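One structure below.
No lab work stands behind these numbers, since they all come straight from the coordinates. This one's a predicted model, so the numbers in the text were calculated from it and none came from an experiment. All Cβ positions, even for glycine, are placed from backbone atoms using ideal geometry, and neighbour counts span all protein chains on display.
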Amino acid sequence: MENKILVLMAISLNCLLLQATVDSKTLQKDSLFVEVPEDGKLTDAKGDVRPATATTNVAFIDLTEMTVTVTDNNITVTITVADLPDQFTYNQARPGQLEYWWQIFFDIDNNSKKSADDLLLDLVHVRKPETQEAQGALLEFAKPSFHIIEEAHGTGFHSGRFLGEENINATVSENTIIFSVDKSSHLKLNKITSSTKVRFEAQYIDSSNNSFSDSYPNAQPQFSAGDTKSSSIYPEI
Ligand SMILES: [Ca+2]
Ligand SMILES: [Ca+2]
């Protein structure tokens, strides 16, 4: 009898431990997105681009301060980085590869995961095939778009673009990238409200195919250089 009780106790303890493990995993997932505080301001540490092995300056993806302001009519997002140079060198990545990107995810279904129907605003540069290395200001080569996640799988997802630069006002001021979108540009934008949780990611892939990234909230990197393609963020490429 005593043995049986011990066994039962052991099983219960196991269940408790299992439960604790699940809970900590849930918490980790929760940290993928964050609520926007009333003043709209979010801050990230400076100097936390990963991996820390860059031999060139990657401060342009080092997120430091972000703001999100959502009204009934407009969505404005700012992303300040440690240093945004006046001139960038681009088209150093492999042809067809995402090279520079800054993204904000909106957790439309409020499940703290990247999932179907979540929305994504970004500023991206992909090296097109048969283009040469060039120099220019950020907005000469990187373009803003709004996407909807159609299907999420593991760390990757498929998404569809529904709004382009003609409807998204992107500007640069000092070290800050500013996006402003009228909600009347697309019905989907009405799903974004001041209580929608957000996540920021910035990434750069250099000429040797090394991937560097920063995110807020801080979490595991979503992609490494090896699986960037399988993430299929931009199926049109
Ligand atoms: Ca940072
Ligand atoms: Ca979600």
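Here's how it looks for LEU163: its modeled amide H is under 5 Å from those of PHE146, which are all 5 or more places away or on a different chain.
Could the peptides 186-193, 130-137 be put in order, highest first, of the mean number of other beta-carbon atoms found within 10 Å of their residues? Present the calculation step by step, with values, prior to reporting the outcome.
Details: 186-193: 14.9, 130-137: 10.8.
Output ranking for 186-193, 130-137: 186-193, 130-137.
Stretching SER184 away from THR155 to a fully extended chain increases their span by 7.3 nm, per 0.36 nm per residue minus the current alpha-carbon distance.
Hey, which of these cross-link pairs are over 23 Å Cα-Cα: LYS46/LYS183; LYS114/LYS197; LYS46/LYS128; LYS128/LYS197?
Values: LYS46/LYS183 32 Å; LYS114/LYS197 11 Å; LYS46/LYS128 31 Å; LYS128/LYS197 33 Å.
Over 23 Å Cα-Cα: LYS46/LYS183; LYS46/LYS128; LYS128/LYS197.
Measuring nothing but alpha carbons in the stretch 31-230 and taking Rh as the Kirkwood radius, the Rg to Rh ratio lands at 0.93. Mean projection of the Cα convex hull over all viewing directions, computed for the stretch 21-121: 9.6 nm². For the stretch 31-230, a crude dipole built from +1 on the beta carbon of Lys and Arg and -1 on the beta carbon of Asp and Glu, taken about the Cα centre, is about 400 debye to the nearest 20. Spin-label model, ALA116 to GLU140: label points 7 Å out along the Cα-to-beta-carbon direction sit 4.3 nm apart.
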